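**Student:** The structure under discussion is supplied below as structure tokens; questions concerning it will follow.
Computed from the coordinates by the stated procedures, all read-outs in this text should not be read as laboratory data. If you're wondering where the values come from, they're calculated on a predicted model, not measured in any experiment. All Cβ positions, glycine included, derive from the backbone under ideal geometry; neighbour counts span all protein chains shown.
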Amino acid sequence: MCLGVPGKVLAIDGLSATVDFFGVKKELRLDIVDEPVQVGDYVLNHVGFAIRRIPPEEVQETLALFDQILDVTGAKEDLMAADVRGEIAAGKDKP
Amino acid sequence: MTAPRDLFAELKFRDPARARALADAIRHNVDAIGRKVSVMHVCGSHEQAIARFGLRAVLPEGLELIMGPGCPVCVTDGPEVDQAVALAAQGARVCTYGDMLRLPGTARSLADAKAEGGKVDVVYSVAQAVELAQKHPQDEVVFLGSGFETTAVATAAIALTELPGNFSVLSVHKYVPAAMEIVSEIEDTNIEGYIAAGHAATITGWGIFEPFARRTGSPVVVAGFEPLDILAAIAKLTELMVEKRPEVFNAYPRCVTKEGNVPAQKVLWKVFRQVTGTWRGIATVKDGNLDLREEWARIDARKRLSVDTSGVRDDAAAEEAKGCICGAIMLGRGKPTDCALFGRTCVPESPVGACMVSSEGQCRIWHTYGGAPDLRGVGT
């Protein structure tokens with residue numbers, strides 16, 4: 001539950017952002033993000049809120065971790081992957 | 001041999017050669033210390049990574065890697081759960097994160113309350129609980145807010161927005177730094193270094209651990225969640241232990257700064273205050289709980305609604321979970337495999353103790369991953 005998941009900001013409307021998480025579009029809140037966020041930035045999501053703008057030079061490293069966590073083909077149950085999916089589900093669905 | 005400091009600079013995440021080099025550096029440091037030492041991490045997500053990748057298998061025998069009170073669900077006390085169960089029994093719609101559903105109160109869980117016809121909803125975000133309040137204007141909607149400061153800050157942000165009149169918060173949020181203080185004072189564990197949780201520190205910043213490191217004489221390393229992040233953190237931690245430097249080192253700079261997320265801290269402390277509370281199986285933790293400040297009484301479920309737990313609280317039943325050693329496990333005095341119930345009468349489908357309920361509980365994690373080494377040739 002405290003893992004946090006990175007996503008790419010596609011659009012911003014006030015304190016709400018449309019964010020792409022590995023192909024799933026969600027609406028995230030920007031109330032408590034640490035720095036101003038722009039379209040194209042990556043943010044760390046926790047329970048539906050952006051909690052950090054990820055510095056651009058660190059995006060790839062951060063994404064690599066989550067690619068790996070989500071790639072659990074064959075595992076009967078994977079707690080990390082389940083937590084990541086839960087974090088993604090925390091955002092509001094966007095069409 | 002390459003010094004751990006240099007390994008940091010070239011850290012890449014899943015390179016077995018680097019993992020082996022880190023394991024060598026750790027072994028080298030532990031040899032230099034020359035006696036058995038224990039280090040503690042305080043994060044369920046770290047334990048998931050450690051168990052999933054079998055990291056303990058590559059550590060030297062002289063080093064014990066212990067999980068401390070890193071599962072906010074596990075430390076939520078039985079009588080706190082009773083309050084949520086009582087509210088559901090009184091007809092309120094109780095919303096909470098999924099891990100809380102099967103967490104036992106003194107006698108019953110929210111899952112029990114739901115099975116008995118109570119309105120209990122699982123949400124992934126406090127924002128979804130607010131939506132439920134808008135959708136069910138006839139219900140009192142109570143958000144049972146669990147989690148450490150990283151999660152509490154989301155609850156705080158919602159409190160600052162315009163909320164429907166039928167929404168309130170039952171806060172069981174906890175504050176990690178307070179738990180580290182408690183653990184450091186326990187006498188029969190011998191922990192000489194700490195790994196701080198990366199994402200909790202995203203909010204608080206790593207600077208918050210400096211007084212702790214100085215006072216306890218134990219170094220603290222902030223770690224990320226990659227297997228190599230964790231090994232690198234242990235390499236750095238043992239290096240600081242060799243050099244007897246009780247400092248804080250940030251091994252997760254891509255997410256953590258010294259100051260942390262200052263806007264989020266402002267929001268957190270505007271809404272919450274630290275109060276002393278009982279953590280299940282651990283102790284009374286000074287300043288360990290986060291309660292809504294007086295100004296937020298109108299959305300504080302404990303003040304807004306009369307919570308009567310007399311019908312659901314059963315301290316005798318709580319005593320019945322005898323043999324469960326969750327408390328000892330969370331304090332670093334025992335392992336899941338030391339428990340006679342583990343995997344026998346206590347399983348994820350019917351948990352006896354709190355540590356088998358949450359995906360961040362050590363028993364649940366060990367039960368799922370079997371603690372089996374899986375670092376593909378590293379350390380062989």
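**Student:** Using only Cα atoms, tell me the angle between helix B:262-271 and the longest principal axis of chain B; keep it within 0 to 90° and round to the nearest 10.
**Tutor:** 40
**Student:** I need the Kirkwood Rh of segment B:321-367: take the reciprocal of the average 1/r across all distinct C-alpha pairs and report it in angstrom.
**Tutor:** 10.0
**Student:** Near the amide H of B:GLU64, under 5 Å away, which other amide H atoms are found, from residues 5 or more places off or on another chain, if H is placed in the peptide plane?
**Tutor:** So B:GLU64 has HN proximity to B:VAL37, B:SER38, B:VAL39.
**Student:** For segment B:211-216, take each phi angle, set θ = phi - 60°, evaluate the Karplus expression 6.51 cos²θ - 1.76 cosθ + 1.60, and give the result in whole Hz per residue in order, putting x for glycine and proline.
**Tutor:** x, 4, 4, 5, 5, 8
**Student:** Working out 0.36 nm times the residue gap between B:ALA340 and B:LYS135, then minus their Cα-Cα distance, what length gain in nm do you get to one decimal?
**Tutor:** Stretched fully, the B:ALA340-B:LYS135 segment lengthens by 69.2 nm.
**Student:** Write down the Å³ per residue value for the convex hull defined by the alpha carbon atoms of segment B:167-253.
**Tutor:** 122
**Student:** With N denoting the number of residues in segment B:169-319, provide Rg(C-alpha) divided by 2.2 N^0.38 Å, to two decimal places. Don't skip to the answer; put the middle values down first.
**Tutor:** Numbers: Rg = 18.3 Å, N = 151, 2.2 N^0.38 = 14.8 Å.
Relative to the 2.2 N^0.38 Å estimate, segment B:169-319 comes out at 1.24.
**Student:** Next up: Can you sort B:ARG20, B:ARG333 so the residue with the fewest Cβ neighbours within 10 Å comes first?
**Tutor:** B:ARG333, B:ARG20
**Student:** How high is the relative contact order of chain B, in percent, with contacts defined as C-alpha pairs under 8 Å that are six or more residues apart? Intermediate values should be presented prior to the final figure.
**Tutor:** Numbers: 782 pairs, mean separation 92.0, N = 380.
Answer for chain B is 24 percent.
**Student:** Determine the sum of side-chain charges near B:SER125: Lys and Arg each +1, Asp and Glu each -1, restricted to other residues whose C-beta is under 13 angstrom from that of B:SER125.
**Tutor:** -3
**Student:** For B:LYS119, which sequence-distant residues (separation of 5 or more, or a different chain) have an amide H within less than 5 Å of its own amide H, given hydrogens modelled in the peptide plane?
**Tutor:** Distant-sequence amide H within range of B:LYS119: B:VAL94.
**Student:** Separation of segment B:193-247 and segment B:335-365 by C-alpha centroid, Å?
**Tutor:** With segment B:193-247 and segment B:335-365 each reduced to a Cα centre, they are spaced 28 Å.
**Student:** Continuing with the same structure: Once phi is turned into ³J(HN,Hα) by the Karplus curve 6.51 cos²θ - 1.76 cosθ + 1.60 with θ = phi - 60°, what whole-Hz value does each residue of segment A:43-55 show in order, with x for glycine and proline?
**Tutor:** Once θ is set to phi - 60°, the couplings for segment A:43-55 become 10, 8, 9, 9, 6, x, 10, 6, 10, 7, 7, 7, x Hz.
**Student:** Out of segment B:117-182, which GluC sites (Glu not before Pro) are coil in DSSP terms and have no more than 12 other C-beta atoms within 10 Å?
**Tutor:** Numbers: sites: B:GLU131, B:GLU140, B:GLU149, B:GLU162, B:GLU181; in loops: B:GLU140, B:GLU162.
Those that pass, being in a loop and sparsely packed, are B:GLU162.
**Student:** For each of B:GLU187, B:GLU259, count neighbouring Cβ atoms within 10 Å of the residue's Cβ, then give the residues from fewest to most.
**Tutor:** Fewest to most other Cβ atoms nearby, the residues stand as B:GLU187, B:GLU259.
**Student:** How fast does segment B:246-354 diffuse by Stokes-Einstein, in µm²/s, taking the Kirkwood radius from C-alpha pairs at 37 °C and 0.692 mPa s?
**Tutor:** Rounded, D is 181 µm²/s.
**Student:** Could you please report the charge total around B:CYS95, scoring K, R as +1 and D, E as -1 over all other residues with beta-carbon less than 12 angstrom from its beta-carbon?
**Tutor:** 0
**Student:** Percent of Cα-Cα pairs more than 42 Å apart in the protein assembly as shown, please.
**Tutor:** That tail contains 11 percent of the Cα-Cα pairs.
**Student:** Compute the helix-to-body angle for B:16-33: its Cα long axis versus the longest principal axis of chain B, expressed 0 to 90° and rounded to tens.
**Tutor:** For helix B:16-33, the angle is close to 80 degrees.
**Student:** Please average, across the residues of A:27-34, the number of beta carbons from any other chain that are within 10 Å of each residue's own beta carbon, and give a whole number. Working shown, then result.
**Tutor:** Working: counts 1, 2, 7, 1, 11, 13, 3, 10.
Per-residue shielding by partner chains comes out at 6.
**Student:** Work out from phi, with θ = phi - 60° and the Karplus expression 6.51 cos²θ - 1.76 cosθ + 1.60, the ³J(HN,Hα) of each residue of segment B:169-179, listed in order in whole Hz, and give x for Gly and Pro.
**Tutor:** Rounded to whole hertz, the list is 10, 9, 7, 10, 5, 10, 10, 4, x, 5, 5.
**Student:** Work the Kirkwood hydrodynamic radius out for chain B: mean of 1/r over every pair of different alpha-carbon atoms, inverted, in Å. All intermediate terms of the calculation are to be shown ahead of the outcome.
**Tutor:** Working: mean 1/r = 0.0467 Å⁻¹.
Computed over chain B, the radius equals 21.4 Å.
**Student:** What is the order of B:THR276, B:THR216, fewest Cβ neighbours within 10 Å to most?
**Tutor:** Result, fewest neighbours first: B:THR276, B:THR216.
**Student:** With only Lys, Arg, Asp and Glu charged, each at its Cβ (+1 for the first two, -1 for the last two), find how big the charge dipole of segment B:59-218 is about the Cα centre; round to the nearest 20 debye.
**Tutor:** Charge dipole of segment B:59-218: 520 debye, to the nearest 20.
**Student:** Taking amide H positions as placed 1.01 Å from N in the peptide plane, with prolines and chain starts having none, which residues 5 or more places from A:ARG52, or on another chain, fall under 5 Å of its amide H?
**Tutor:** Answer set, sorted by chain and number: A:ASP34, A:LEU44.
**Student:** If r is the Cβ-Cβ distance from A:GLN38 to B:THR161 and R0 is 35 Å, what FRET efficiency results, to the nearest 0.05?
**Tutor:** Computed FRET efficiency for A:GLN38 and B:THR161: 0.95.
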